[in-house]
1. Do the alpha carbons of any pairs in Lys402/Lys462; Lys200/Lys436; Lys205/Lys444 sit beyond 25 Å of each other, and which pairs?
2. Quick one: 3J(HN,Hα) in Hz for segment 84-91, Karplus 6.51/-1.76/1.60 with θ = phi - 60°, rounded, Gly and Pro as x.
3. Leaving out ligands, DNA and RNA but keeping every protein chain, what accessible area does Asp75 have, in Å² rounded to the nearest 10, with a 1.4 Å probe?
4. Search the structure for amide H atoms under 5 Å from the amide H of Gly426, placed 1.01 Å from N in the peptide plane, and list their residues when 5 or more places away or on another chain.
5. Taking amide H positions as placed 1.01 Å from N in the peptide plane, with prolines and chain starts having none, which residues 5 or more places from Ile39, or on another chain, fall under 5 Å of its amide H?
6. Segment 392-427 to segment 353-378: how many Å between their Cα centroids?
7. Asp204 accessible area, nearest 10 Å², 1.4 Å probe?
8. Tabulate in residue order the Karplus-calculated ³J(HN,Hα) for segment 234-247, using 6.51 cos²θ - 1.76 cosθ + 1.60 with θ = phi - 60°, rounded to whole Hz; enter x for Gly and Pro.
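The values are calculated or read from the model by the stated rules, or taken from the named source; none is laboratory data. Computed from a predicted structure; not experimentally measured. Here the Cβ is made from the backbone with ideal geometry for all residues, glycine too, and neighbour counts use every protein chain on show. Note: accessible area is taken over every heavy atom of the protein model, side chains too, but ligands, DNA and RNA are not part of it. Shrake-Rupley method; radii C 1.70, N 1.55, O 1.52, S 1.80 Å.
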Amino acid sequence: AAPVQVQLVVPMAVVFGPGSVPGDLPRPLPFRDVQEMEISVNLRTSVTSRYEMLYRSTTGQEEAALAAATAREADAALHPLQDTTLGSLTVYVVPETSSLLPQGIKVYVGKHRSALVRAGGSLAALQAQLREVAQVMSFTASSIAAALSDRVPDGQLSPDARRYLKSSLGYEITFSLLNPDPKSHTVDWDIEGAVNRYVKPVLDKLSLVANFSVDSQILYYAVLGVTPRYDKESSSFLLSAHSLPHVINPVEARLGSSAASLYPVLNFLLYVPERSHSPLYIQDKDGAPVSTNAFHSPRWGGIMVYNVEAPASSQASLPLHVDVDMARVMEVFLAQLRLLFGLSREEVPPEFLLERPGNEGLADWELDHLLWAHTVENIATVSTTLTSLAQLLDKIGNIVIKDDVASEVYRAVDSVQSAVTELSLGHLHAAFQASKEAITSSEKAFFDPSLLHLLYFPDDQKFAIYIPLFLPMAVPILLSLAKIVRETRQCKKEPTKMD
């Protein structure tokens, strides 16, 4: 793959509230400082993170906002006063004795692009804390490694890195209701209302990252590929963790959505077990029941098992009418959606308190987290695509490159250089847009119809195709030539007759 050298610049404002200024500041406020870190990927890919910090004191308005009763109120009051540029961070340092942060909590990360940090006494302690905050709110070495997973040696990748979806210009989301036993259950789900209420706010926020389309379907008589095991003690049926991978293939054959799709498809399946296998519970690796009764498959989607309560009397008429509790279902599916996009909050240090994003589904800084990773991934993808194209064109001597293909290549190169420049200036939004344009142009060039037939039919292949066709014609011609040669030789040998 082509070498990639990227510098990720994060503009950070560090704002000291009254009584929180460390005693060992090198010079009076305000002043600027830079911290750099190398993210090692491999020898041909260098990624440097650079935090450009402006240390300053609070303004009167910020001081008033920090006097709020709770961290959440302070975060809401500070939001209109701070820089809301994508990729920028504002960290407010509060005194060690401040009651804004709960006991034992050192850092509060809000819903927007700011955090509250308890003063640590010395500047060195504060800077270590700031580095942790910056990594949680922008990018970590592991999130960049996951974005560059094609270039990272397998042993260095965290197990989660393969779970995340690859960067794409669009995604298709399909919600499917599987009712394998319609004779026993009539299932109703208000999927349209649920999508508008729970999914749309999340996708509106993610619309900056990619285009999304959502559809839904109900599949009857679609069964899981695994027969669950009956457990006498709980008088229920169990699906063990090791059998879950075998559940997906037979179901996927019925979904039929990914065949005609240009973009990656995310499948979210709600499975209502047949009456003969109810209730059905999913077990984890240790044999304990999974609280959500759901599981997810990396880069594919998730499945949730929705059990129907058995009727009180055995005389109840079939089919039973089931109204799905969409709030419970969507809570699980949205959590799985966040996991697939790499927005899980599990790896956060214990002394951090993260504000819940509310009905938008993700905080502003989580959106930035995605943009950083996708921008780096796009730059690496374009450089790989253009290198592959150049190598292919070198191998094919008789190729004609049309002007429109050349202009797409030039445009892709310009856009990638522009994305790298914008990243080094700390302009995340502009860098992401440029990286998307570069992807579009490089794909257009690579898959141009004028190149495709040359790529698929090089000269040696043409010979392999046409020689068998010419052989039947060539045999009589060659035999005729041989006969002519023989007759000519014979004529020369025979002496001419003299009368």
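1. Values: Lys402/Lys462 22 Å; Lys200/Lys436 23 Å; Lys205/Lys444 28 Å.
Pairs exceeding 25 Å: Lys205/Lys444.
2. Per-residue couplings from phi come out as 9, 4, 4, x, 8, 10, 10, 10 Hz.
3. Taking all protein chains as shown, Asp75 has close to 10 Å².
4. Counting only residues 5 or more places away or on other chains, the set is Val9.
5. Val47, Thr48, Ser49
6. Their Cα centres are 29 Å away from one another.
7. For Asp204, the solvent-accessible surface is approximately 80 Å².
8. 9, 6, 9, 9, 10, 10, 7, 4, 6, 8, 4, x, 7, 6
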